[in-house]
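Values in this text are rule-based calculations from the coordinates and carry no lab data. From a predicted model like this one, the values you see are computed outputs, not experimental measurements. Neighbour counts are summed over all protein chains in view; Cβ atoms, including those assigned to glycine, are modelled from backbone coordinates with ideal geometry.
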């Protein structure tokens, strides 16, 4: 068994990713031979995980290995067909590409490492030279590979710790690998366990309970005010990228009417058209994940000079203009609230300088969050995730132990059965030999004698095997 | 035995009242799994205790002060469970469960020994009492929801970050407003039915003089205030601070009506 390695330390070039890489290196703890042997997928082969992620490789490298969903089945099949590889799974996301394999143990013995198969595959499939890849690759084996997979599925290894997408991506990779027949007795239970661990982490910690991006924080706050956003009207003032992103989040959560305004009417119309296209695409691609997804969202362009007349229609005002002066003053807020019969209004001000006078927050029913407020909430949520991740790591550590214990118990069973079969065969052959000798001497066993000898030898065999079987069971438990 | 059930219910209300704090104030959803089942169990024990008490003493009529307090506590606990079932929100429990705990404690540790002063028509009077208590409970829930609205509004305006104390509650502002308004809309027909039943019985048994009693007049005043409050809330979309003021005023009237029982010459059905 080999220990977790990184390829050719001498090849490590100092890059801007070097600190992150050192962090990864420290994670690759050396596994003692005894524990590694205990952790092995003995009956199935060696578990080897090789990959790159956002901490070890820049985007230029990651994008060369990235595999679109349409090609995932082909890549998985090709990997599984490599010599020495019994089972395979390919995980490709924007932040990581990982190849999880069960390899013949003979490969290890022949080459001292199981990685050459994978490196050859990477080189052939992606047409990327080993020299380009190796400095960025990490490799985990057995126990550490299990641990890494559990961490990835639980979103502890993600760029944004706790983000929920990764579990879906792992499940997707697993589904593809099953379809092409690349996962079987070793990877299947491992993946199932990884999903269970991820679920446990989500349930027992608050690692994914709060939003950490500006847009999702804004949506969360809107939900704290309005509950469901279904049927809510959003006014977008100014046409910026952030507004576009936040608007998309709001639509996904069920906002059904989007009003767009800008000093330049054409830009407002352009943005309204973009949003309408997004909605159309969303609808065309079938039902989306959110249960409150946009179904009948309408867009409307409002002339900028009518902004004060129309703003009261909006439950949420998303503003990001380049105006030097605030567009919405406290008096506007009071006027809007009167016209809305005190129904609350949420102002998301992501403009710098600010578009909404901070004093408007003092108006009962008006809630104003500027970019700093949103960032502070996001940062606090991120810090909270950091605290929760310690609890999540403990769960992963315990789960790795439990998984390996089960695996080892399972591995001990064939050895015990084989030993029992061998002893039984020996016992039978000895009885037959003795019976044949006695028959030749014309003094064959009587049925009573044969029965007594059977009982005696069975008892002797059981007693002789007992310490060995106990030792085997004990060793597997250890 | 009856008191034992009630004391068990009190204990469970206490546990639920404590468990709801981290669930609602510190965004620790796992504490719901203690608060909600504890309230359900408490309400069950409470119901058993109340049924046994009323069955034994007064032909199923809650007329004694502690019995009324106990019944009100049970209705409030049921209101909390209803709100939870409808909105999946436990925030209201911050106020409702301690109140239920206190009312049930009074009944559990200071049981009254009053009896019915005169034979009365049990069935209709029972409905009269239950409807009016439901209306009072609805008003209390509305007031508490208005207070909750104020707290949530302050927390959102304070822009506190992260989890824990001072972070926004788990219940959205509009949901809290709906709870406040819908509980009033539920309470009005209850109060109307309760008053109608009481009026018909009083007219038949005591005649017109019954309606000149201050307690009865105050009750009709409360009914008008109830209607006015619903009208104002719906017409002007009253929320937040002003809604709390209005609800508090009507709640004050309720307290007067409750207290007026002690001074009423005609509206007395129990003797020590």
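Here region A:214-375 yields Rg over Rh of 0.94, to two decimals, using C-alpha coordinates and the Kirkwood radius. Report note on the peptides A:364-370, B:34-40: ranked by the mean count of other C-beta atoms within 10 Å, highest first, their order is A:364-370, B:34-40. Beta bridges assigned by DSSP with both partners in the protein assembly as shown are antiparallel in approximately 50 percent of cases.
Based only on other Cβ atoms within 10 Å, what is the fewest-to-most ordering of A:59, A:395?
Ordered from fewest to most neighbouring Cβ atoms within 10 Å, A:59, A:395 come out as A:59, A:395.
Ranked by how many other Cβ atoms sit within 10 Å of their own Cβ, fewest first, the residues B:171, A:397 fall in the order A:397, B:171. Each part gets one Cα centre, and for region B:130-203 versus region A:189-232 those centres are 29 Å apart.
Between 0 and 90 degrees, the angle of helix B:173-205 with respect to the longest Cα principal axis of chain B falls at about 0 degrees.
Under 8 Å for C-alpha pairs, at least 6 residues apart: give me the relative contact order for region A:224-379, rounded to a whole percent. Write down the numbers at each step before the final one.
Details: 290 pairs, mean separation 36.1, N = 156.
Normalised by residue count, the contact order of region A:224-379 is 23 percent.
The spread of Cα positions in region B:2-271, taken along each principal axis and listed from longest to shortest, comes to 62, 46, 26 Å.
On full extension, the segment bounded by residue A:343 and residue A:64 gains 95.3 nm, given 0.36 nm per residue less the C-alpha separation. Averaged over the residues of A:217-225, the number of partner chain Cβ atoms lying within 10 Å of the residue Cβ comes to 3.
Dividing the mean sequence gap of close Cα pairs (under 8 Å, 6+ apart) by how many residues region B:2-271 holds gives a relative contact order of 21 percent. P(r) for the protein assembly as shown, from all Cα pairs and a bin width of 10 Å, is 2, 11, 16, 15, 15, 14, 11, 7, 5, 3, 1, 0, 0 %, short bins first.
Length gained on full extension, residue A:74 to residue A:329: 86.0 nm, using 0.36 nm per residue less the C-alpha separation. Each Cα pair under 8 Å and six or more residues apart adds its sequence gap; the mean of these over the residue count of region A:342-478 is a relative contact order of 21 percent. Working ranking of peptides A:186-195, A:85-94 by packing, defined as the average number of other Cβ atoms within 10 Å per residue, highest first, is A:85-94, A:186-195.
Between residue A:427 and residue B:185, the modelled label-to-label distance comes to 7.9 nm, taking each label 7 Å out from Cα in the direction of the beta carbon.
The spacing between region A:119-133 and region A:233-256, judged by their C-alpha centroids, is 42 Å.
What does the structure give for B:234-244 when I average, per residue, the other chain Cβ atoms found within 10 Å of the residue Cβ?
3
When shorter helices are ignored and each DSSP H run of at least 4 residues is given -39500 (n - 2.57), the per-residue value for the protein assembly as shown at 222 nm works out to -21500 deg cm²/dmol. Orientation-averaged projection of region B:24-105 equals 5.4 nm² [convex hull of Cα atoms, one quarter of hull surface area]. Tell me, what is the FRET efficiency for residue A:165 and residue A:81 to the nearest 0.05, using R0 = 41 angstrom and their Cβ-Cβ distance as r? In this case the efficiency is close to 0.90. Quick check: the angle from helix B:2-25's long axis to the longest principal axis of chain B, C-alpha only, nearest 10 degrees? So the helix axis and the longest Cα principal axis differ by about 30 degrees.
Relative to the longest principal axis of the Cα atoms of chain B, the long axis of helix B:214-236 lies at roughly 30 degrees. A simple spin-label model places pseudo-atoms 7 Å from Cα toward Cβ; at residue A:473 and residue B:127 they are separated by 7.1 nm. Residue exposure proxy: B:205, A:220, ordered by other Cβ atoms within 10 angstrom of their Cβ from fewest to most, comes out as B:205, A:220.
From the alpha carbon centroid of region A:340-371 to that of region B:225-249 is 25 Å.
Rounded to the nearest whole angstrom, the semi-axes of the ellipsoid equivalent to region A:207-261, taken from the Cα gyration tensor as √(5λ), stand at 19, 14, 8, largest first. Estimated at 0.36 nm per residue, the fully extended path between residue A:442 and residue A:195 surpasses their Cα-Cα distance by 82.1 nm.
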